[in-house]
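Participant: Have a look at this one.
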Amino acid sequence: MAKGLTTAELDAMTDAELLEKLAESKKELFNLRFSAVTHRLEDSGRLREVRREIARIYTIKSEREKNIRTAPAAQ
């Protein structure tokens, strides 16, 4: 099973939380790529997981803009 977030977990996040998670994931991807270039990357599969996580976030954002999905109500 993947270590990253599932679609259901991402769908439960608000728009602000999604943007925050997107920024974190992009930063992690940058660090992983840097580690891969310097030959210090231990888990090369993590690169794929993070890229897919970023794609999931973008998909959920896009679906919310098109009113396919709805964001959870702010509490």
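Participant: For Ser62, what accessible surface area do you get with a 1.4 Å probe? Give it in Å², rounded to 10.
Facilitator: The value for Ser62 is about 40 Å².
Participant: Leaving out ligands, DNA and RNA but keeping every protein chain, what accessible area does Leu5 have, in Å² rounded to the nearest 10, with a 1.4 Å probe?
Facilitator: Rounded to the nearest 10, the figure is 40 Å².
Participant: Starting from the 7 Å offset along Cα-to-Cβ, what nm value, one decimal, do you get for the label separation of Glu17 and Lys66?
Facilitator: For Glu17 paired with Lys66, the spin-label model returns 2.4 nm.
Participant: Considering only protein heavy atoms and a 1.4 Å probe, what is the carbon-and-sulfur percentage of the accessible area of the range 5-64?
Facilitator: Roughly 54 percent, rounded to a whole number.
Participant: Are there GluC sites (Glu not before Pro) in the range 1-67 that DSSP marks as loop and that have at most 14 other Cβ atoms within 10 Å, and which are they?
Facilitator: Filter output for the range 1-67: Glu42.
Participant: Just to confirm the number: angle between the C-alpha axis of helix 45-65 and the first principal axis of the chain, 0 to 90 degrees, nearest 10?
Facilitator: 20
Participant: Against the longest principal axis of the chain, how steep is helix 15-37, in degrees 0 to 90 to the nearest 10, with axes from Cα atoms?
Facilitator: The angle comes out near 10 degrees.
The values are calculated or read from the model by the stated rules, or taken from the named source; none is laboratory data. Since the model is a prediction, treat every value here as computed from it, not as a measurement. Virtual Cβ from ideal backbone geometry, glycine too; neighbours counted across all protein chains shown. For accessibility, only protein heavy atoms count, side chains too; no ligands or nucleic acids. Shrake-Rupley method; radii C 1.70, N 1.55, O 1.52, S 1.80 Å.
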